Amino acid sequence: MKVKAKLDVQSIKNFALEHGEKVAFAAVGVVFLMFVYSALKREALQADKQPDKLQGKAQQVRSHITQSSFDPKRDGLALVDYVDRAKRDPIDLTGYKALRPLNPQIFDQKAKRDNPTILPLEELRADSGFGVFSLKGDAAADAKAAPAGGGRAAEVGFNPGANSNPVGRGYTVVTGLVPVQKQSQEYSRLFDNAQDANPDRDRPRYLRLVVERAEIDPAQPDKLDWKPLPPSNEFTSRFEGTIGEIISAKFREEGLVDPLGPLVRRSWGDSVNHPRIASAAAAAGEVANPGKPAAERRAGGAAAVRDLIESGRNAGGNRAAAPAPDANVEYRLCRFFDFAVEPKKKYRYRTKAVLHNPNYLVPPQFLVKPDSNAAEFLETEWSNPTGVVVVPDRFGVLAISVGEKWSRDEPSAKLLATAIDEKEGIEAGAEVDVYRASVVNLIAPKVEAVDPRTSAVRQLDNVNFNTGIVVVDIHGGAPLSKKIGASIVGPVEVLVMDGQGNLRVRSELEDQASVGFLAPKKPVPPSKAKEKEADDVPKGPAKRPPVAPPTGPQRKNR
């Protein structure tokens, strides 16, 4: 009996519900078997291409590369040295030179003359002081008088004549740098190949300074009211002479340098020079010029000073131009003095230089700007102003020696307080022992002072040395040997601040000559002359008390 399959919809649904999972499982099994069969049929890697084999071959190649060397001869390669191949023997051009230009110019091609750039003065610095200046007295009486100083030679400074008129005066001195090397290079650039060239004319020719001064108002210190420098001719024209310069003319721009006035019994020092000029002069072996003897300085000296100063810094008079600057000199010195100042006042200065115009009166056809030949003079720009300078009063101090009570714990120094009589020009001094923070104020009942004209000793009563100077620090003076009782000690230097706030260093070595003049030695009686000679012979122990070793905390002597 045959079973007839029913293909109606309901039968199909029933069959799918009863046997669908079996059919799906059978299909998945068939697919899995097909993957297994396909994997078995894939080609496998050869034995020599397995990973470990490949790593071994790679290591062999790496070792061969690092250990092998290249030998072109062994490998039969020919290398070309192109550097050596490019070398050629130099050709002797002697036989190939043309005896004349192939295309000669009809005339020399030179540039027209342009206006040079005028460089300003640099690094102005100001200093101040108060000193005694020797002015001219009665010329007829002076000619008949004995030599100046009554036989006492001046060790430093100016030695006034017997009938001169010494006067105390405050002053400021301003120094700066003239850039002669750079200015000369600018002139060479313009005029070495210029039309209508003239070597004597076409170089910097400095003539004079134009100076302005600003007095500082304490209420408005930043406000600068610039005014022309007041003339000092009335004072400087009466100078009895001059003092020799401290540097050679090689480093001075003569038209811009005021002469050194007759400062009595004092040296001008470094204030009249510029640090960079001093360094350059020292490097070049240019030592200080000691100047002429006093008699030679007085002979004709006043006329020279008058001719130089009365021409005026702000006037139009020409001074003789200085020689052409040395090519190795970068800067020259410019300097001017201001004697129209008042003690305890503050000032600032600025200046510019006046030069001769190298295009003055040159025909217009040679000029880039035809009207540049009209002006006779050229001016630099204003320099940067100086710092504030304060004029001191008539009081001062000089360093004498180490103080009697000097010790490592608290150094002391012996100073000479000085005071200048402005009218008579006599400077008196009184000794005083000082420590750090000491104020040098005292009244001396009796003081011996030297008249600079005759070297006669005068006695002054109740001299007020109200200096207002404060001792800031003391250096030196310690024994140069570590042995107890050593007699040789170093020179003392004292840093002081005056009543106007100026800081200055007084040195025993530098002040020695001035101290000897202001503190005259008393005459020794004949009966004690031999005793004094015996005392002057070294006997071994020091005259100053020995310095005991320190026992407590030490203050380092700066």
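The values are calculated or read from the model by the stated rules, or taken from the named source; none is laboratory data. In this text the structure is predicted, and so the values were computed from the model without any measurement. Here the Cβ positions follow ideal geometry from the backbone for every residue, glycine too, while neighbour counts run over all protein chains shown. Accessible surface areas use protein heavy atoms only, side chains included; no ligands, DNA or RNA. Shrake-Rupley method; radii C 1.70, N 1.55, O 1.52, S 1.80 Å.
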Given axes a ≥ b ≥ c from the Cα gyration tensor, I'd like to know whether segment 36-81 is rounded (a/c under 1.5), prolate (a/b larger than b/c) or oblate.
prolate
Between Glu510 and Ser38, what is 0.36 nm times their sequence separation minus the Cα-Cα distance? Round to one decimal in nm.
158.5 nm
Taking the highest mean first, how do the peptides 242-253, 499-510 order by number of other beta carbon atoms within 10 angstrom per residue?
242-253, 499-510
Taking all protein chains in place and a 1.4 Å probe, what share, in percent, of the accessible surface of segment 21-97 do carbon and sulfur account for?
61
Solvent-accessible heavy-atom area per residue, rounded to whole Å², over segment 21-132 at 1.4 Å:
95
Gain upon complete extension [Ala283, Asn466; 0.36 nm per residue less C-alpha separation]
61.6 nm
For segment 154-212, with all protein chains present and a 1.4 Å probe, just round the carbon and sulfur fraction of the accessible area to a whole percent.
38
Inter-label distance for Glu410 and Lys227, nm, one decimal - labels placed 7 Å from Cα along Cα-to-Cβ
4.9
Sorting check: for 88-96, 169-177, 43-51, 9-17, which peptide has the highest mean count of neighbouring beta carbons within 10 Å, and how do the rest follow?
169-177, 9-17, 43-51, 88-96
Which residues qualify? For Gly255, with a placed amide H closer than 5 Å and at least 5 residues away or on another chain, they are Ala322
Amide H proximity to Trp406 below 5 Å, modelled H, separation 5+ or other chain, gives Ser412
With θ set to phi - 60° and the Karplus curve 6.51 cos²θ - 1.76 cosθ + 1.60, what are the ³J(HN,Hα) couplings of segment 188-205 in order, to the nearest whole Hz, using x for Gly and Pro?
4, 4, 8, 10, 5, 10, 9, 6, 6, 6, 9, x, 6, 8, 8, 8, x, 10
Where the Cα atoms of segment 368-487 are projected onto their three principal axes, how long is each span, largest first, in whole Å?
82, 42, 26
Residues of segment 447-486: accessible area per residue with a 1.4 Å probe, Å²:
52
Can you list residues from other chains, or at least 5 along the same chain, whose modelled amide H is less than 5 Å from the amide H of Arg265?
Phe158
Quick one: net charge around Ala449, please, counting Lys, Arg +1 and Asp, Glu -1 for every other residue with C-beta under 10 Å from its C-beta.
-4
